[in-house]
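What follows is calculated from the coordinates using simple rules that are stated; it is not laboratory data. Fair warning: this is a prediction, and the values are worked out from it, not measured in the lab. When we count neighbours, we look across all protein chains shown, and the Cβ atoms used for this are built from the backbone with ideal geometry, even at glycine.
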Amino acid sequence: LTLSQTDLLRDAVYRRLWLSIFISSFGMQVTMLALPLTAAVLLHATPTQMGLLTATEIAPFVLFSLPGGVWLDRVRKLPVYVVGEALIAITLASVPLVWWLGYLSMAHLYAVSFVIGLVNTVAGSAAQIVLTQIVPRERLVEAHAKNALASSAAEVSGPGAAGALIKVTGAPLALVADAVLL
């Protein structure tokens, strides 16, 4: 694959951000399949518990979108994005560890789901702002298109890869792969 001389991916800073978006999106496909499967298969979650698991990931968007935006106006955005991705990695890695220790519970999965939602709400917004800081205004449409392509590619290829990974390793250990990808 040869990039044209003017391709935005030739810029090292943008390329790192683009790659982090692709890898993070791919890893989230693993989480979107492995977390509910962990609840259903290992903890025999009821339909109500599965609904609550989904709700705990959505709740931070409702609760923290506006305050998170105000806070982001006052801080540096790149560290928020980096710390957010690290927080998701640590949180996801806790699931197989707690499972291995024999303490995995729905409460733990609810907490993991809430942290994922919170980070996606705040750090996801930070990533969009970082993009506007590293890409010239006249190239933002191209950058958004490339980021959308990366996310779409992850959404298309991720579920199949996630299913294969879960089949080989089991749902809790598949979350380790996502933690490493982040």
Does the range 15-73 come out rounded, prolate or oblate by the C-alpha gyration tensor, with a ≥ b ≥ c the root eigenvalues, rounded set by a/c under 1.5 and, if not, prolate when a/b is larger than b/c and oblate if not? oblate
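With an 8 Å Cα cut-off and a minimum separation of 6 or more residues, compute the relative contact order for the chain in percent.
Values: 191 pairs, mean separation 81.4, N = 182.
Value for the chain: 45 percent.
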For the Cα atoms of the chain, what angle does the longest principal axis make with the long axis of helix 106-134, in degrees from 0 to 90, nearest 10? 0 degrees
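Could you give me D for the range 112-182, from Stokes-Einstein at 10 °C and 1.306 mPa s, where the hydrodynamic radius is the Kirkwood radius over C-alpha pairs? Units µm² s⁻¹, please.
Diffusion coefficient, whole number: 111 µm²/s.
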With a Förster radius of 45 Å, plug the Cβ-Cβ distance of Thr48 and Val156 into 1/(1 + (r/R0)^6) and report the FRET value to the nearest 0.05. 0.90
Report, in degrees rounded to the nearest 10, the 0 to 90 angle that the Cα long axis of helix 140-169 makes with the longest principal axis of the chain. 30 degrees
Sorting check: for 29-37, 57-65, 78-86, which peptide has the highest mean count of neighbouring beta carbons within 10 Å, and how do the rest follow? 29-37, 78-86, 57-65
Packing-wise, with mean Cβ within 10 Å as the measure, how do 162-173, 145-156 rank, highest first? 162-173, 145-156
So how do 106-115, 4-13, 134-143 stack up, highest first, on mean other-Cβ count within 10 Å? 106-115, 134-143, 4-13
I need the trypsin sites (Lys or Arg not before Pro) found in the range 17-105, filtered to DSSP loop residues with at most 13 other beta carbons within 10 Å of theirs. Arg74, Arg76
